[in-house]
Amino acid sequence: MQDVIDPEACTTMTEVRAGVDALDAALVALLKRRFGYMDAAARIKPERGHVRDEARKAQVIANARAHAAAAGIPEDAIGDIWERLVEASIAYELAAFDRR
């Protein structure tokens, strides 16, 4: 994220927006990598029925909420985002499994 300043140093909305846009691009790159792990899971799991794992889903969301709490950001909001992320990941993994 070059040419972007820290949020605490922002003095204009142009700076804020540039920071948000750069961070969003970085988040998408990280999500691409995360979905790559879903491709790997679909390749490794022996059966389609193994894709959905409610215990693992709960663990992933709890981990995200704990990281949010430790970072001082709203853990309920992060939990909601991760709920959607995990469900999207499961749908993606199911489609990847079906393609193989």
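The values are calculated or read from the model by the stated rules, or taken from the named source; none is laboratory data. The model shown is predicted, which means the values in this text are computed figures rather than measured ones. For neighbour counting, all protein chains shown are included, and Cβ atoms are generated from backbone atoms with ideal geometry for every residue, glycine included. Please note that ligands, DNA and RNA were not included when accessible areas were found on the heavy atoms of the full protein model with its side chains. Shrake-Rupley method; radii C 1.70, N 1.55, O 1.52, S 1.80 Å.
The figures follow:
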| quantity | calculated |
| --- | --- |
| Separation of the D3 and E54 label points, Cα + 7 Å toward Cβ, nm | 5.0 nm |
| Per-residue HN-Hα couplings for segment 41-47 [Karplus 6.51, -1.76, 1.60; θ = phi - 60°; Hz; x = Gly/Pro] | 4, 5, 6, 8, 5, x, 9 |
| Residue-averaged 222 nm ellipticity for the chain, from DSSP H runs of 4+ at -39500 (n - 2.57), nearest 500 | -26500 deg cm²/dmol |
| Overall dimensions of the chain as given by Cα atoms, namely Rg and Dmax in Å | 17.0, 54 |
| Positive-pole candidate from A71, P7, A58, dipole of the chain, charges at beta carbon | A58 |
| Distance (nanometres) between label positions extended 7 Å along Cα→Cβ at D98 and R43 | 2.1 nm |
| Gyration tensor over alpha-carbon atoms, segment 59-98, equivalent ellipsoid semi-axes in Å | 25, 8, 6 |
| Solvent-accessible area, 1.4 Å probe, carbon plus sulfur percent, for the chain | 59 percent |
